[in-house]
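Below is one structure, written out as structure tokens; comments come after it.
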Amino acid sequence: MFPELKIGEFIARVPIIQGGMGVGISMSGLAAATANEGGIGVISSVGLGLLEKLDRKSYRAENLVCLRKEIRRAKAMSDGVIGLNVMVAVSDYDDIVKAAIEEEIDILFLGAGLPLKMPGDISLEYLETIRTKIVPIVSSSRAANLIFHSWEKRFNHVPDGVVVEGPKAGGHLGFKAEQINDPQYALENIIPEVIKVIEPFKQRHGKDIPVIAAGGIYSGEDIYKFLEMGASGVQMGTRFVATDECDADIKFKEQFVNCKKEDIGIIKSPVGLPGRAIINKFLTDVTSGIKKPFNCPWKCLKTCNMQQSLYCIADALMKAKIGNLTDGFSFAGANAYRIKQIISVKELIESLRAEFEEAVLKLQGRKTALIVV
């Protein structure tokens, strides 16, 4: 049987976190469906204001309005564990974090940057009173150590868990281009390093700090492998795209069913990071230097150089979400090509559970054979 995943007082009966995917790929619909099946459902906070027909001057404020709506919708549809993925790199990071805490989101997953501190007016006293748990997303033991030391020094307090995302993930990657295919940086090597780094913090603060494996995890057998390595759970994004409940357009989902291994590649994002995506004509054009005209309503990402960018990544991702793949593209994990059909979240969880149990039985069989010999 799947073990439980505990993050603070929140308990998921399935050790799977559905990864936060923007723009608008994982919203309240997917998050609630995942939580109802026992996992942790995650809303992506990035660019929610882009999905509404708004006065272009009001995106920053509307992001927060839409965010609060999504959190409330998810909670209305599920009494399971609901999380929110927040990019540290977004310009309204402080506002999003504070709004999510006010809405009593269960777990905040903080990635795309190092959350070395919380918004300036959040104190230790405040952290101790809120119900929300804080879980940073890292790609190395060094990053985990830096975040936990910073929190310890600043708050005498540490985050409630850590997601370790390897180089097979979809979307922006926390690795240099030359590290992505280097076995030294494989998730299998990073997980034990992070577990070792986190152990002293667990001891000093007397709390369990689950380490969650992410990036390229596809099957129940993969889940079993990382749990055996010491991870408490896994985060999966790509597998949840090809589900009925995913909040993206059917054309977006069909890309994942129809793509081949050679269609998935690494791109250089306008925000200065490598990213993994399904290569289409839009990406081929910009890679060859063709500019896609855009108007920037506001600088949503701190690191974006809009004067030199060939396209607006937020706009391109939003258009793909609504099915316009001519003017946009989709991020995807390294194993996206293995997806063959669109199924329900319930069916996905059941298939992962069956594969997990099969992996357990295989190991037990090998152990029995060794004893007999």
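Only the coordinates and a few stated rules stand behind these numbers; no lab work does. Just so you know, these numbers come straight off a predicted model, no measurement behind them. When we count neighbours, we look across all protein chains shown, and the Cβ atoms used for this are built from the backbone with ideal geometry, even at glycine.
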So, over other residues within a Cβ distance under 13 Å of residue 201, counting Lys, Arg +1 and Asp, Glu -1, the net charge is +1
Across 20 Å bins from 0, what is the distribution of all Cα-Cα pair distances for the chain, in whole percents? 30, 60, 9, 0
Projected label distance in nm at residue 154 and residue 176, using a 7 Å step from Cα toward the beta-carbon: 2.7 nm
Here the FRET efficiency for residue 263 versus residue 324, based on Cβ atoms and R0 = 22 Å and rounded to 0.05, is 0.75
Final fewest-first order of 168, 291, 346 on the 10 Å Cβ neighbour count is 291, 346, 168
Alpha-carbon Debye profile of region 181-340, log10 I(q)/I(0) at 0.09, 0.17 Å⁻¹: -0.40, -1.08
Would you work out if region 98-171 is rounded, prolate or oblate? Take a ≥ b ≥ c from the square roots of the eigenvalues of the alpha-carbon gyration tensor; rounded if a/c is under 1.5, else prolate when a/b is larger than b/c, oblate otherwise. oblate
Quick one: grab the alpha carbon gyration tensor of region 74-131, order the square roots of its eigenvalues as a ≥ b ≥ c, and give me rounded if a/c is under 1.5, else prolate or oblate depending on whether a/b is larger than b/c. oblate
Dipole of region 207-364, positive direction: furthest Cα of 232, 344, 275, with charges on the beta-carbon: 275
Ordering of 219-230, 325-336 by burial proxy (mean other Cβ atoms within 10 Å per residue, highest first): 325-336, 219-230
Value in Å of the Kirkwood radius, where region 252-336 supplies the Cα pairs that are averaged: 13.2 Å
Rounded to two decimals, the Rg over Rh value of region 170-260 from Cα coordinates and the Kirkwood Rh reads 1.05
Could you go through region 21-26 in sequence order and give the Karplus-derived ³J(HN,Hα) for each residue, using 6.51 cos²θ - 1.76 cosθ + 1.60 with θ = phi - 60°, rounded to whole Hz, and x for Gly and Pro? 10, x, 8, x, 7, 10
Taking Lys and Arg as +1 and Asp and Glu as -1, residues besides residue 321 with C-beta under 9 Å from its C-beta add up to -1
Starting from the 7 Å offset along Cα-to-Cβ, what nm value, one decimal, do you get for the label separation of residue 361 and residue 290? 5.2 nm
